[in-house]
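Shown next, in structure tokens, is the structure this report addresses.
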Amino acid sequence: MHILVVGLNHKTAKVELRERFAFSPSELPMALRTLRDMKSIMEGVIVSTCNRMEIYVVCDQLHTGEYYTKAFLESWFRIPIEEFQDHLYVKQNQQAVNHLFHVVAGLDSLVIGETQILGQVRSAFLTSQAEKGTGTIFNSLFKQAITLGKRVHTETEIGQNAVSVSYAAVELGKKMFSSFRNKTILLVGAGEMGELTAKHFFAAGATDVIVLNRTLEKAQEVAARFHGTALSLEQLGEALRKADIVVSSTGAKKPILTKSVLQPALRHRRSPLFLIDIAVPRDIDPAVHELDDVFLYDIDDLQGIVDANLSLRQHEAEKVVAWIEKETERFQQWLQTLGVVPLITALRNKALAVQEETMARIERKLPDLTEKEKRVLRKHTKSIVNQLLRDPIVRIKELASTSTRDEALELFVQIFALEEQLREKETQQALAKEKSTSVLVDGKVSLST
Amino acid sequence: MFVERWFYDFLIYLYALSLLMSFSDLLYPNVRSRRLSMGLLIAVWIIQSTSFIVGLFSFWTITSPLDARFIFSWTLVTFTLVMHGWYRRIDLLIFCANVMGFVILVFHVFTISNMSYESAQMLLTELGFVHISLSILSYAAFSLSSICSSLYLLNNYLLKKKKWNRLLRRLPSLDRLQVFSRNLLLVGIPLFFIAMLLGFMWIYQLMGYLFWNDLKILFSIFVFLFYGFILTQWVRNRWHVRRIAWWNSLAILTIFLNMFVSGLPVSFHYWF
């Protein structure tokens, strides 16, 4: 069995290409069934977000699996392979597992440490599971990946701090106000960036917005979007008395908010006043920061916070990478022991068949046995079988994670003569797969059972 | 005595471990350390409370240094657990309050002095019990209020210096710290006032006017006036919050001084 991931993301493909490879949620179940019915593919999960499209598969042969996964993409989206071949990445086995762990931890995202991807991968896995597109390997792999993703977000600060200037202002505001409810935002100037910052505060719970602008019409237009009040720039002093957070982004050449303008508004004030100056040239005189209860942050200060947060995320990412390496190793070990399971099952079935035959013979030769005596005999013969098998099973599990794994498994099959049982199992699996076959019709796929 | 010693040692180890986990979480945020620290703190509280209840129904009176400081520490733990249940992002405040609770616990465990049975009986009146309980509660409220003010100053300093670091991220917001410290004063001052009045009545019954010779009484009046002055400034709205926070942070020294005076031979307040 091999694990394979074929995909493209924001690093390898531009949005023009990525948007052509988007699976809509409604067609995902069909796509999963089609993928699963491809030759060599045994399990499959499709992760489709705005920044990535990845197909994870378990296949019995690497090259065949890769070929048919690409063929699936080509036929499903009706895009010739030459158009996207160069933008695809293919990772196999350990690398594929490692990649999935990076993805769920948010290390492969556009904004490092973002949490959304974890939910998207989880949803992709659950969809595939519902469609019976996953089996033993992916059920275990994706559960391990999701657990790792959750651990990353709860035990590190990788996704906790703002990485945009406007959101950094909100984060900073939380150090002054425990809640933005009933706080008044004063937006001075109707610039785009100022409005975006006000929007973040509004989303964080601020209820009252006052918009000041040179032209009242523009102020009214912006205020309407926040159900706020519009005032003209002459009413700045009055507005300052009501404000808790001031976002300034006018095109003025000189500071419009100075100590002398601000001081009357601060009289009898008991709560902090947060001033955010995102205008260049600056709207607020830096000297106001010296006033008690006034905190002035300009665009550079906010960018400094963003940079600090990004470097913190990077620092946390190093910790996460070490966890990923350990988790990958743990999964590989599990995968290696997985090969033993069919052998153990075959051995146990064979031994139990022998035990059942023996019981049948005993019952024929001793017809006067009571039900109780038969139960006791059955129990003890089973006990002999289990005791005899215990040590070989433990040993083969140990050997399966060593470098001589293949030879050991081969020898195990020969010693216990399990060839026939294994062949029977393979035939049963092949028959089950053949039950549903796919037919390609005009690029899209229809199923026939 | 051996069992008692073992019990207090065990309590201190648990409390220390809780603080250690809490400190580790402050330095390197980790949900496991945070949960473990809170779990251990709850265990400390349960043990303290059990001991408190068992004592209450047997021979316990708040008349030895051991008991009074023990309850002071218990009150701080209770306050912090309640605050933790109600508010988020106050880890640093909880840590500071618990450092204080721990220091008080350690201090009294290692300075156990046994009061004679007669002395204990003398103080064993309902009036005395209420006086001491209310004093302890008001001290806990004052201490927490001072801690909140100190954290307010720290937060204010970091915001003014534009130092965006892990410490700032762990601090509660300015307005929350301000509300906490003011409300704790609002709770502490009336409690302390009632405790003082009851104390006067109680000790007057025992000693008559001689009680004025006790330095502790003068210091308690000083503590009351100091905190009362701070609250007045708050209500009058003339001082900036930062100035009030400075005064409130320093006010904790009056409590320490008051505790120190209790240990002097000129005081009959040898239970605290």
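The values are calculated or read from the model by the stated rules, or taken from the named source; none is laboratory data. In this text, all values refer to a predicted model and were calculated from it rather than measured experimentally. FYI the Cβ positions are ideal-geometry reconstructions off the backbone, even for glycines, and counts take in every protein chain you see.
A few notes on this one:
- Filter result for B:THR61 (of a type outside the set (Phe, Trp, Tyr), at pLDDT below 70 and touching a helix residue (DSSP H, G or I) at 6+ places or on another chain (Cβ under 9 Å)): yes
- Out of B:LEU151, B:LEU158, sole residue that is in contact with a Leu (Cβ under 8 Å, 6 or more places away or on another chain), free of Cβ contacts under 8 Å to residues at least 24 places away in the same chain and either in a helix (DSSP H, G or I) or outside the structural domain of B:ASP25 (by TED's automatic domain parsing) (or both): B:LEU158
- Counted residues, the range A:169-202 - those being in contact with a Gly (Cβ under 9 Å, 6 or more places away or on another chain) and farther than 18 Å from A:THR229 by Cα: 1
- Where strands (runs of 3 or more DSSP E) fall wholly inside the range A:1-113, the ranges with 1 or more residues that are surrounded by 15 or more Cβ atoms within 10 Å (Cβ to Cβ) and of a type in the set (S, T, N, Q) are A:2-9, A:41-48, A:89-92.
- Positions within the range B:150-165 being facing another protein chain (nearest Cβ under 8 Å) and among the basic types (Lys, Arg), in sequence order: B:LYS160, B:LYS162
- Within the range B:171-199, considering residues that are in contact with a Lys or Arg (Cβ under 8 Å, 6 or more places away or on another chain) and either part of a helix (DSSP H, G or I) or at positive phi (or both), the one nearest to the other protein chains (Cβ to nearest Cβ): B:LEU174
- The single residue among A:LEU187, A:LEU216, A:LEU212 that is more than 22 Å from A:VAL165 (Cα to Cα) and either in contact (Cβ under 8 Å) with a residue 60 or more places away in the chain or among the aliphatic types (A, V, I, L, M) (or both) turns out to be A:LEU216.
- Verdict on A:GLU16 being under 20 Å from A:SER123 (Cα atoms), free of Cβ contacts under 8 Å to residues at least 40 places away in the same chain and over 20 Å from the mean Cα position of the chain (by Cα): no
- Qualifying residue in the range A:58-69 (condition: among the β-branched types (Val, Ile, Thr) and in contact with a strand residue (DSSP E or B) (Cβ under 6 Å, 6 or more places away or on another chain)): yes
- Listing of strands (runs of 3 or more DSSP E) fully contained in the range A:150-252 that carry 2 or more residues being within 14 Å of chain B (Cβ to nearest Cβ) and out of contact with any helix residue (DSSP H, G or I) (no Cβ under 7 Å at 6 or more places or on another chain): none
- The residue list A:ALA317, A:ALA353, A:ALA308 contains one member that is at pLDDT 90 or above and surrounded by 15 or more Cβ atoms within 10 Å (Cβ to Cβ), which is A:ALA317.
- Positions within the range A:273-323 being touching an Asp or Glu at 6+ places or on another chain (Cβ under 7 Å) and free of Cβ contacts under 8 Å to residues at least 60 places away in the same chain, in sequence order: A:LEU273, A:ASP277, A:ARG282, A:ILE284, A:LEU296, A:ASP298
- In the range A:285-330, of all residues being assigned to a loop (DSSP other than H, G, I, E, B) and on the phi < 0 side of the Ramachandran plot, the one that is nearest to the other protein chains (Cβ to nearest Cβ) corresponds to A:ASP292.
- Boolean, A:ALA230 is without any contact (Cβ under 8 Å) to a residue 24 or more places away in the chain and touching a strand residue (DSSP E or B) at 6+ places or on another chain (Cβ under 8 Å): yes
- Hits in the range A:331-374 - residues which are under 29 Å from A:LEU409 (Cβ atoms) and outside any helix (DSSP H, G or I): A:GLY339
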